[in-house]
């Protein structure tokens, strides 16, 4: 049984309206107030998730934990295009990120992928994020704080083009406009045998990236897209949703070989 | 720098041929032997990954760690349809599985998804898998052992229809022919506010599952498919692969509400 | 060189604004009037398509023919879900509809597919459409008239469940909520060896339809979906559109065998 | 009721085996001979399609017309990648090809798209195909002959880069390795207001083509892909096929504006 902690982002769910209210307890002080009455937020701390709580008017809300998936989709403050969960999930598995790993990325964007990495590496792992724009850093850290994941993320306020300090990363990820300018540095930061991941929205960028990857000792190079197709949930009329995202990004993966080893692909 | 352990599955990569040899060091005793010469396997233990090793004839192989992704795709012994990485990755994120979590599943299949769960929960987490067919258990455990993940998995040799022992699972997953017969039990095993995941290959099964989910206190019900489209990696002729998997399975997700709470969806 | 006829729907294209005005010359009498000035519509009749015409203020428009595709997408008056061109085009080829053919359909919907059939069968072919709702007939005929295709379409104002008058159709198409109730009648109307097409939006309807098709002498039964993915047209940033239609309908095709011939599928 | 003509390609369908035999009556002289007995082919001429015919041993076959779709998919002799029906069907509608139209294309490939055009323009229309490779012409004409469509196709044995003779085409289609070298000529051949279609397999080719289209008076430029997803036809286990074609080609469409008219897109 998990209990609410003071730093948690929680959900108050109104079953009548089918509506969720997301509240970060350390940021939202005082009362939760709707037309159904008031609720003192400090009284939530220590309650078991799944509890039913009442407003002063007697209306009931269900207290739920906020999942990383729904935070990213619905509550993450976005200053940039984000890495969507469908892509982030596949990246995580393809880069073989595990509890305890060191992940190096650039840039931080709005922190969506950073959060996915940070949750996956666990309390003994670490994410180092290189980002040159200060407003992105501030915003991403604010998002990570609401998820309780900021403690696992170290942000370096500079361009990764100057090189990464890390030389032993379990995974490196590039989400930059011109990733081909950073692949040499990413190679240096990565453990041999482990994976570099790159995300770009356009085919032109994939083409440039592939050209650069061909010059360096990489193997198992793969380019792919992940498509998520949702369905309506009415059992009597089961069918796909009418519309879907057609494209978020192309994903590129490559595995580091030792220097001097050349392979054809 | 990671060093080879005695229980590891390693890759010997022949850069000339572009060929990978997967070897589990505790199972494959003695020599690795190809037309390029012999290599004593015990000499690999303790070497850093990324090392170059030589056969007695002087040919070189690169010593690489085996990723979970490639093990599942290329080396996992399959007695059943497996849950493919594209699906397993999304399931992991949608069920919000984290280091330290308790995940309950049924059945074990060939252990592909089990391995993904086990890697994600880390050394402090646990996966409990219910499976009634002994040959599946044997095979899945053998696969998990080669990944060094068997220590995190407890297998219960019985039908989950009798109920799960666990009452506080962070996530429950059903991969069964008739999951609707097991949803009541899954509900009992799950923490309130957390997610049930279900995988089925046919639309008929989705329809039956949705009917059953409607009878119980679940919210945030979602049905989806994940499609993975790969591209050829020639920069001068960038284009999708000619063929792709068109379907592996429909994924269904639902979040547990407290008993007695009813929502429309 | 094609010249404008009095019954045509034409496009006046404003190159400055990149805007198209669709005008049916027999319905829109008098002047075309924008802030760029007036244009007497009757003066357009007899002009070659591709001409540049001027308003009284001297602004230029390009006179273009209206294609069936763009009429359906942008100008067809819709009282119902329409059969989209991506689907209509494939239906046409799968049903092997040719100039001179007799096509029988039910219902008429808003006339989009009817128009595609009517254009394809040419002046020597014919489309017979069964429809019980009068408002649909009126609307569809109005759409067909603007395309100059109403002369090839005969509408029968009744439910196809009573049977089709035709016994020698080159193709039969059903776009109805419960097509399985009409398949016996469609079988009677169709030439042996030719194709029945059916469109339904839900998986449940496909399942019922397949059950019915199994009872009758049909072969070459196929169920499919057509997905259209558009790309942005900026050469420096070539990439798919952000969103796309995820689903319009499932298409079902079956070929009539002689009575008494049974095949497994 | 359609009767078999001497030039037809017909299908003899064996219902027991579920097997189709495709026979071109003018090419295949003499007897049709299987383990089920012999059948004099000349006796088929004049029979109504849908008839049941018997071998000398008394086994029955059903006589069926061969559809253009199945001829292209299963019987067309291929010397090149073909334009698949899913793409050909959409091209036809997007180019607004109608009975009576003049369609100009280059190259002829194996004649699949040529056949679709030829069927659609009907006996009063015409397809002119430019092709420099003689073996392609021979093969394509042989395919068209088996479909009875060769009479509507004029082949010009030369490179379209020298220009098209036609100046009034209702549609122009390019299926060439470097279509950007031919777009100027295609523009000259096309009626103003009508459509140019281009098919290329790679993103690099799309990018080059878009650059060229930007230099000329074209509007309504669109790039897309058509995906066909088939389903298994078992009503009790309705689900997509396991695999599907992931890519055949990118389709590009553009509409001719008069010379000197410039639009942004």
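General observations
- Within region D:232-243, tally of residues that are farther than 15 Å from residue C:224 by Cα and in contact with a strand residue (DSSP E or B) (Cβ under 6 Å, 6 or more places away or on another chain): 0
- From D:226, D:198, residue being within 12 Å of chain C (Cβ to nearest Cβ) and surrounded by 20 or more Cβ atoms within 10 Å (Cβ to Cβ): D:226
- Whichever residue in region C:95-116 is in a strand (DSSP E or B) and farther than 19 Å from residue C:85 by Cβ and, among such residues, is farthest from the other protein chains (Cβ to nearest Cβ): C:106
- Residue A:215 passes every criterion in (1) more than 9 Å from chain C (Cβ to nearest Cβ); (2) touching a residue at least 24 places away in the same chain (Cβ under 8 Å); (3) over 20 Å from the mean Cα position of the chain (by Cα) apart from (2).
- Residue selected from region B:117-143 under the condition over 21 Å from residue A:92 (Cα atoms) and not in a helix (DSSP H, G or I), by the criterion nearest to the other protein chains (Cβ to nearest Cβ): B:128
Matching residues to (1) within 11 Å of another protein chain (Cβ to nearest Cβ); (2) more than 28 Å from the chain's Cα centre (by Cα); (3) under 22 Å from residue A:143 (Cα atoms):
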| position | (1), (2), (3) |
| --- | --- |
| A:24 | no, no, yes |
| A:29 | no, no, yes |
| A:38 | no, yes, no |
| A:43 | no, yes, no |
| A:55 | no, yes, no |
| A:58 | no, yes, no |
| A:61 | yes, yes, no |
| A:64 | yes, no, yes |
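- Those residues of region A:203-212 which are in contact with a strand residue (DSSP E or B) (Cβ under 8 Å, 6 or more places away or on another chain) and more than 8 Å from chain B (Cβ to nearest Cβ), in sequence order: A:205, A:209
- Residue satisfying all of: in region A:23-42; assigned to a loop (DSSP other than H, G, I, E, B) and more than 27 Å from residue B:265 (Cα to Cα); modelled with the highest pLDDT among these: A:25
- Selection of region B:132-163 for residues being over 17 Å from the mean Cα position of the chain (by Cα) and either buried (at least 22 other Cβ atoms within 10 Å of the Cβ) or not assigned by TED's automatic domain parsing to the domain that holds residue B:249 (or both) yields only B:160.
- Count of region D:202-217 residues which are closer than 27 Å to residue B:242 by Cα and surrounded by fewer than 18 Cβ atoms within 10 Å (Cβ to Cβ): 2
- For region B:43-69, a tally of residues being outside any strand (DSSP E or B) and in contact (Cβ under 8 Å) with a residue 12 or more places away in the chain returns 15.
- Scanning region C:1-22 for residues that are more than 12 Å from chain D (Cβ to nearest Cβ) and in a strand (DSSP E or B) yields a total of 3.
- Any hit, region C:233-243, residues being facing chain D (nearest Cβ under 10 Å) and either touching a residue at least 60 places away in the same chain (Cβ under 8 Å) or more than 30 Å from residue D:222 (Cα to Cα) (or both): no
- All positions within region D:164-186 that are outside any helix (DSSP H, G or I), surrounded by fewer than 16 Cβ atoms within 10 Å (Cβ to Cβ) and more than 19 Å from the chain's Cα centre (by Cα): D:165, D:167, D:168, D:178
The rows are residues; the columns are (1) in contact with a strand residue (DSSP E or B) (Cβ under 6 Å, 6 or more places away or on another chain); (2) over 18 Å from residue C:238 (Cβ atoms).
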site: D:165; (1), (2): no, yes
site: D:173; (1), (2): yes, yes
site: D:180; (1), (2): no, no
site: D:192; (1), (2): yes, yes
site: D:196; (1), (2): yes, yes
site: D:200; (1), (2): yes, no
site: D:219; (1), (2): yes, yes
site: D:230; (1), (2): yes, yes
site: D:247; (1), (2): yes, no
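The values are calculated or read from the model by the stated rules, or taken from the named source; none is laboratory data. Everything numeric here is computed off the predicted structure, so don't read it as measured data. Backbone-built Cβ (ideal geometry, glycine too); neighbour counts: all protein chains shown.
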